[in-house]
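Student: Let me give you the structure first, and then I'll get to my questions.
The values are calculated or read from the model by the stated rules, or taken from the named source; none is laboratory data. Keep in mind it's a predicted model, so treat the numbers as computed, not measured. Cβ: placed from backbone, ideal geometry, glycine included. Neighbour counts: every protein chain shown.
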Amino acid sequence: MAALMIPGGKLTDRYGRKRCLRVGLVVYGIGALMSAAAPGPGVLIRGNSTLEGVGTALLIPPVSTLTTLIFTNLTSRARAFGVIMALGGIGAAAGPLIGAFVFQALVIVVIIVLSRTLEDPLPPDPTRPFDTTGAVLSAVGLVLVVMGILAADNNVWLMIGLLATGALVLLWSTALFRNRTSNLGLVTQNVQWLLLMAPRSPSRPTFRSYAGTTRSRPEPSSRPPPSACSRRRSPPNAWRSGDPRGP
């Protein structure tokens, strides 16, 4: 998802925000159904991580752009973004409790039906150039940043190196981070997502256990421990008589 977020935002300008939103919803819904019917970890990872990640990268940029374009008044725009963040918080908190991919797919169907009457204020521009090199480099930079965050529990120096390298690649690959307004929006959005994703932390051990990534416990052995077999017996009266052979 992180690797495709910036390219997904570029595609919305070229192919239309409404179209990318609906395509992202469909891809996410297919991933949710695959995860619900997954017979094993492989299908679950393809549905949950791959398809849902691609769908999220396609639908998140249009949501922010359409909200900004449709709600021109500052008060109504703030109210709209507040509703979006509130619903995202409810979903992040209730998602691990419900734990139903089928429920996600049903919600997506409702959103797709309701989005039929949605109007895109700006028409798509197919002639808009797509910076392939910048998209690839930005994807690499974001992947390095995410890997650095994931490495925080294992190696602090590896985390620092990955984060620094990812930040340098992002700064070199795109002029997006040289815009002060864009940086303020990105910082605000990241803080919001960090707060929204915090409730999902308890669900990670469950997913890892299902995927087989948790460390398996050793099976109990029927043999007695070595100390029970090799321990030297002491005479019954060793403690009473002060026998030095006592333990």
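Student: I'd like to know if segment 13-26 contains one or more residues that are aliphatic (A, V, I, L, M), in a helix (DSSP H, G or I) and in contact with a Pro (Cβ under 7 Å, 6 or more places away or on another chain).
Tutor: The answer is yes; a qualifying residue exists.
Student: Counting only residues that are more than 20 Å from the chain's Cα centre (by Cα) and either at pLDDT 85 or above or under 8 Å from residue 58 (Cα atoms) (or both), how many does segment 1-19 have?
Tutor: Residues in segment 1-19 being more than 20 Å from the chain's Cα centre (by Cα) and either at pLDDT 85 or above or under 8 Å from residue 58 (Cα atoms) (or both): 8 in total.
Student: Being within 26 Å of residue 188 (Cβ to Cβ) and buried (at least 16 other Cβ atoms within 10 Å of the Cβ): is that true of residue 21 here?
Tutor: So residue 21 passes the test.
Student: List every residue pair whose Cβ atoms lie under 7 Å apart, where the two residues are 6 or more positions apart in sequence or sit on different chains, the first residue falls within segment 8-22 and is among the aromatic types (Phe, Trp, Tyr), and the second residue, located anywhere, is surrounded by fewer than 20 Cβ atoms within 10 Å (Cβ to Cβ).
Tutor: 15/124
Student: A follow-up question, please. Can you name every residue in segment 37-51 that is at pLDDT 85 or above, part of a helix (DSSP H, G or I) and small (Gly, Ala, Ser)?
Tutor: Within segment 37-51, 42, 47 qualify.
Student: Just to verify a result, which residue in segment 47-91, among those that are within 14 Å of the chain's Cα centre (by Cα) and over 19 Å from residue 139 (Cβ atoms), is surrounded by the most Cβ atoms within 10 Å (Cβ to Cβ)?
Tutor: The residue in question is 47.
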